[in-house]
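Peer 1: Pasting in a structure now, in structure tokens, and then I'll have a few things to ask.
The values are calculated or read from the model by the stated rules, or taken from the named source; none is laboratory data. Small disclaimer: the values here were computed from a predicted structure and weren't measured. A quick note on method: Cβ atoms are made from the backbone with ideal geometry, for glycine too, and the neighbour counts reach across all protein chains shown. Protein only, heavy atoms only, side chains kept; ligands, DNA and RNA dropped before computing areas. Shrake-Rupley method; radii C 1.70, N 1.55, O 1.52, S 1.80 Å.
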Protein chains: 2
Amino acid sequence: MGRWEPNAQARLRQAALDLYSSRGFEATTVAEIAERAGLTERTFFRHFADKREVLFAGSERLQELLVETTAASFDAAGPAGAVAAAFEHAASTYFPEVAFSRQRQDIIDANPPLQERELAKLHRVGEALAQVLRERGVADLSAAVAAESGIAAFKVAFAGWVTDPRDGALINHMRESFRAQRVLLAEPTPAPQI
Amino acid sequence: MGRWEPNAQARLRQAALDLYSSRGFEATTVAEIAERAGLTERTFFRHFADKREVLFAGSERLQELLVETTAASFDAAGPAGAVAAAFEHAASTYFPEVAFSRQRQDIIDANPPLQERELAKLHRVGEALAQVLRERGVADLSAAVAAESGIAAFKVAFAGWVTDPRDGALINHMRESFRAQRVLLAEPTPAPQI
DNA sequence: GCGACGATGTCAGCGACTGTCATAACCGTA
DNA sequence: TACGGTTATGACAGTCGCTGACATCGTCGC
């Protein structure tokens, strides 16, 4: 396929991860990444849209997975239930080892530009899930709220998992997070006026 | 204050908004903005951290407001209730006219980099609200979930408002969104296994 | 008036990202 | 085996966002 060695993209990703971890994201130039991978800067930008995207390539898979499982469990679980079920299913099948996720998250947490990209990816996932719900007859408002609320619970669960892996597998954090959400919002306190 | 004319920052912001609206965000260079404001590119970056920040300067005010009102209504409303109350209060006091918000949102919606920045700002608001709750004895998990869920409802409400202003004031969208969230998550459907 | 201080201008430079064209490897086909 | 088409890469130039360093202008207190 490539000109010389195979797996150009994988080599670029590995080189980027190494440098981001050691020198830091900002202090790493794309030229350095390319050089370490035995390629040129221009080639880097043919494989990744920008310097941040290296860390997020493959996230479409997660979105597809969530869309599929949400659609699959919608009839039985309803909007919010289907979204929760999808995230819990993904928690036990999609995510790599804690150690890897942790290393990746450390890089992201240390760099605002990367956090922005991560949030944007999650937001797109939310839009995709809302779309699934809408296609199944859920009203616009409810669909959006169910999807965004699912994202909210996921964010918290994932953050808790990488922060404190000794609490157990991601699936446990996920269940806890969704449960806490139900408990908190089930309280019959209509927001009072100020 | 300034060297020549006053209100340098306001002039820069206005110039940026005009150009972003007419030519588009990408097609506008910082040099053009500065020139239109009668200043230099370097001065632009003394007033705004980057090209995107022009659209988000002042968002600290919203965060402060939300933090204050969440703290104020916590005792009476509890975690989720206080967050909801804060957003509903902000909805009726903070946000400018629909027309202005709409124009601004059009710019943001048309440019992924700006969406990223907006999501990042909202995320920081969520962190601040979670911090408020934690300081009042709410457990980490519950605090984070309550705050993030509030952000979720707010996002939906705001999007609905700027999309369909004929549905009424932002406060109405906000109440509807939080109500929908309570209804959706109150359904006694524990997420079933897949 | 004079000196401290804050805001602006000027200049040089790095690095992310893009467009364009040339070139080297791969693939099927004759 | 030679050939032509396709695809990935290299090479080069250029734009633009953004920063550091230093000079300069205006304002304010004395």
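Peer 1: Checking the structure you have, find out if any residue of the stretch B:127-147 is open to solvent by less than 40 Å² (accessible area, probe 1.4 Å), out of contact with any Gly (no Cβ under 8 Å at 6 or more places or on another chain) and in a loop (DSSP other than H, G, I, E, B).
Peer 2: Yes, the stretch B:127-147 has at least one match.
Peer 1: Checking residue B:66 against (1) under 12 Å from the mean Cα position of the chain (by Cα); (2) modelled with pLDDT of 95 or more; (3) surrounded by fewer than 23 Cβ atoms within 10 Å (Cβ to Cβ); (4) not basic (Lys, Arg), which single condition isn't satisfied?
Peer 2: (3)
Peer 1: Here's another thing I want to ask about it. Which residue out of B:168, B:160 is open to solvent by 20 Å² or more (accessible area, probe 1.4 Å), at pLDDT 95 or above and either over 13 Å from the mean Cα position of the chain (by Cα) or hydrophobic (A, V, I, L, M, F, W, C) (or both)?
Peer 2: From the options B:168, B:160, the qualifying one is B:160.
Peer 1: Looking at the structure I just gave you, is residue B:134 touching a residue at least 60 places away in the same chain (Cβ under 8 Å) and either assigned by TED's automatic domain parsing to the domain that holds residue B:75 or over 14 Å from the mean Cα position of the chain (by Cα) (or both)? It would help to see each step written out before you state the result.
Peer 2: Values: touching a residue at least 60 places away in the same chain (Cβ under 8 Å): no; either assigned by TED's automatic domain parsing to the domain that holds residue B:75 or over 14 Å from the mean Cα position of the chain (by Cα) (or both): yes.
It is false that residue B:134 is touching a residue at least 60 places away in the same chain (Cβ under 8 Å) and either assigned by TED's automatic domain parsing to the domain that holds residue B:75 or over 14 Å from the mean Cα position of the chain (by Cα) (or both).
Peer 1: Go through (1) more than 16 Å from DNA strand D (Cβ to nearest atom); (2) open to solvent by 20 Å² or more (accessible area, probe 1.4 Å); (3) within 14 Å of another protein chain (Cβ to nearest Cβ); (4) more than 21 Å from residue A:102 (Cα to Cα) for residue A:49 and report which single condition fails.
Peer 2: Tallying (1) more than 16 Å from DNA strand D (Cβ to nearest atom); (2) open to solvent by 20 Å² or more (accessible area, probe 1.4 Å); (3) within 14 Å of another protein chain (Cβ to nearest Cβ); (4) more than 21 Å from residue A:102 (Cα to Cα), residue A:49 fails exactly one: (1).
Peer 1: Right, something else. Please state which one of A:153, A:157, A:169 is of a type in the set (A, V, I, L, M, F, W, C) and closer than 26 Å to residue B:90 by Cβ. Can you show your working first?
Peer 2: On the way: A:157 fails: closer than 26 Å to residue B:90 by Cβ; A:169 fails: closer than 26 Å to residue B:90 by Cβ.
Result of the check over A:153, A:157, A:169: A:153.
Peer 1: Can you tell me how many residues in the stretch B:137-155 are within 12 Å of another protein chain (Cβ to nearest Cβ) and without any contact (Cβ under 8 Å) to a residue 60 or more places away in the chain?
Peer 2: Within the stretch B:137-155, the first condition is being within 12 Å of another protein chain (Cβ to nearest Cβ), and the residues that meet it are B:138-155.
Checking which are without any contact (Cβ under 8 Å) to a residue 60 or more places away in the chain leaves us with B:138-141, B:144-145, B:148, B:151-152, B:155.
Qualifying residue count for the region: 10.
Peer 1: Further, regarding this structure: Would you say residue B:141 is at negative phi, modelled with pLDDT of 95 or more and under 11 Å from the mean Cα position of the chain (by Cα)?
Peer 2: So residue B:141 fails the test.
Peer 1: Suppose we filter A:26, A:41 for residues that are near DNA strand C (Cβ under 9 Å from one of its atoms), within 20 Å of residue A:108 (Cα to Cα) and surrounded by fewer than 18 Cβ atoms within 10 Å (Cβ to Cβ); which single one remains?
Peer 2: Result: A:26 is the single residue among A:26, A:41 that is near DNA strand C (Cβ under 9 Å from one of its atoms), within 20 Å of residue A:108 (Cα to Cα) and surrounded by fewer than 18 Cβ atoms within 10 Å (Cβ to Cβ).
Peer 1: Just checking, which of A:9, A:14 is away from DNA strand C (no atom under 16 Å from the Cβ) and farther than 20 Å from residue A:142 by Cα?
Peer 2: Every option except A:14 fails the conditions.
Peer 1: Can you list residue pairs whose Cβ atoms sit under 6 Å apart, with the first residue in the stretch B:48-75 being closer than 30 Å to residue B:37 by Cα and the second being more than 16 Å from DNA strand C (Cβ to nearest atom) and hydrophobic (A, V, I, L, M, F, W, C)? Count only pairs 6 or more apart in sequence or on different chains.
Peer 2: B:63/B:125; B:63/B:128
Peer 1: Residue under question is residue B:75, and the condition is that it be within 14 Å of chain A (Cβ to nearest Cβ) and within 13 Å of DNA strand C (Cβ to nearest atom); does it hold?
Peer 2: Numbers: within 14 Å of chain A (Cβ to nearest Cβ): yes; within 13 Å of DNA strand C (Cβ to nearest atom): no.
Considered against the rule, which asks whether it is within 14 Å of chain A (Cβ to nearest Cβ) and within 13 Å of DNA strand C (Cβ to nearest atom), residue B:75 comes out as no.
Peer 1: Give the residue that is farthest from DNA strand D (Cβ to nearest atom), with candidates limited to residues of the stretch B:24-43 that are under 18 Å from residue B:115 (Cα atoms) and more than 14 Å from every other protein chain (Cβ to nearest Cβ).
Peer 2: B:24
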